[in-house]
1. If you scan segment 18-31, which residues turn out to be surrounded by fewer than 20 Cβ atoms within 10 Å (Cβ to Cβ) and farther than 22 Å from Lys204 by Cβ?
2. Consider Tyr72 against the criteria (1) among the aromatic types (Phe, Trp, Tyr); (2) surrounded by 15 or more Cβ atoms within 10 Å (Cβ to Cβ); (3) out of contact with any helix residue (DSSP H, G or I) (no Cβ under 6 Å at 6 or more places or on another chain): it satisfies all of them except one. Which criterion is unmet?
3. Under the condition of being open to solvent by 70 Å² or more (accessible area, probe 1.4 Å) and in a loop (DSSP other than H, G, I, E, B), which residue from segment 34-55 is modelled with the highest pLDDT?
4. Going through segment 184-197 one residue at a time, which ones are in contact (Cβ under 8 Å) with a residue 60 or more places away in the chain and either within 10 Å of the chain's Cα centre (by Cα) or under 17 Å from Gly8 (Cα atoms) (or both)?
5. Could you give every pair whose Cβ atoms fall below 6 Å, whose first residue belongs to segment 118-139 and is closer than 14 Å to Ser169 by Cα, and whose second residue is of a type in the set (Ser, Thr, Tyr) and not in a loop (DSSP other than H, G, I, E, B), counting only separations of at least 6 or pairs across chains?
6. Look at segment 64-82 and say how many of its residues are modelled with pLDDT of 95 or more and in a helix (DSSP H, G or I).
7. Within segment 56-63, does at least one residue satisfy the condition of being basic (Lys, Arg), open to solvent by 60 Å² or more (accessible area, probe 1.4 Å), out of contact with any His (no Cβ under 9 Å at 6 or more places or on another chain) and not in a helix (DSSP H, G or I)?
8. List pairs: first residue in segment 87-112 and on the phi > 0 side of the Ramachandran plot, second residue part of a helix (DSSP H, G or I) anywhere in the structure, Cβ distance under 9 angstrom, at least six positions apart or on different chains.
Amino acid sequence: MSVELFNGDCLEKMKKIPDKSVSLVVTDPPYCIGTTSNGSKADFSDNNLIKPFFDLLFAECKRVLKDDGSLYINTDWRTYPFLYPILQKHFAVRNCIVWDYEWLKAGTFYRFQHEFIMFATMPDCKRTFGGGERDIWRIRCINYTDKKNKLHQAQKPVELCEKAILNSSKEGDTILDSFMGSGTTGVAAVKNGRSFIGIELQEKYFEIAKKRIDQAIKECEPCPKS
């Protein structure tokens with residue numbers, strides 16, 4: 001098991017990753033750039049300003065993924081229609097998973113209780129999870145389970161990343177998170193015997209992620225024999 005962490009722009013840092021060396025991408029890019037939390041301001045077409053970025057990002061993901069690789073990309077109802085055609089250009093989009101976090105966020109016209117996870121694969125990817133798996137995941141968000149220890153505004157529970165990792169990779173595989181944030185994907189990867197590559201632009205969160213992942217590695221190390 002190996003861990004590589006990069007502080008900087010993900011498009012630049014991903015160039016350091018060899019072709020076809022990653023088994024799974026689990027990542028959480030910023031949602032709905034250019035709009036507010038209630039979606040009432042800005043024009044959706046403003047997101048076209050960042051379309052080239054995601055086109056390049058998904059192209060890099062395709063380059064580094066193995067022929068049987070998969071992607072899980074967190075998003076919300078506003079950003080999903082923007083990302084879908086860009087993702088479809090590069091991958092086979094298999095499903096839209098609904099993450100029901102069993103907790104109510106603020107909302108004017110109906111309160112928010114879910115987000116989306118776009119699931120896509122390389123064309124040659126075969127299903128690696130049971131046929132009974134459903135596209136609704138009920139996993140409580142960190143606001144409900146551990147709000148006092150929340151380290152990032154968009155922090156996801158370890159259990160959510162674990163489900164994607166366990167469903168779509170095996171022990172020893174390499175997992176990539178190009179928007180590492182506070183390092184939750186890395187913690188889940190290390191905890192389950194996977195190698196991890198993480199990239200985070202903001203130095204503050206990079207240091208938080210590094211500390212969390214280092215701690216996860218220590219916790220996974222076998223106890224010394226007496």
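1. Correct list: Pro18, Asp19, Lys20, Ser21.
2. Unmet for Tyr72, out of (1) among the aromatic types (Phe, Trp, Tyr); (2) surrounded by 15 or more Cβ atoms within 10 Å (Cβ to Cβ); (3) out of contact with any helix residue (DSSP H, G or I) (no Cβ under 6 Å at 6 or more places or on another chain): (3).
3. Selected residue: Asp43.
4. Thr185, Gly186, Phe196, Ile197, listed by residue number.
5. Short answer, once both residue conditions are applied: Phe119/Tyr72; Thr121/Ser70; Cys125/Ser70; Thr128/Ser168.
6. Of the residues in segment 64-82, 1 are modelled with pLDDT of 95 or more and in a helix (DSSP H, G or I).
7. Looking through segment 56-63, none of the residues is basic (Lys, Arg), open to solvent by 60 Å² or more (accessible area, probe 1.4 Å), out of contact with any His (no Cβ under 9 Å at 6 or more places or on another chain) and not in a helix (DSSP H, G or I).
8. As it stands, the answer is Glu102/Tyr144, since those pairs meet every condition given.
The values are calculated or read from the model by the stated rules, or taken from the named source; none is laboratory data. None of the values given here were measured: they were computed from a predicted structure. All Cβ positions, glycine included, derive from the backbone under ideal geometry; neighbour counts span all protein chains shown. Note: accessible area is taken over every heavy atom of the protein model, side chains too, but ligands, DNA and RNA are not part of it. Shrake-Rupley method; radii C 1.70, N 1.55, O 1.52, S 1.80 Å.
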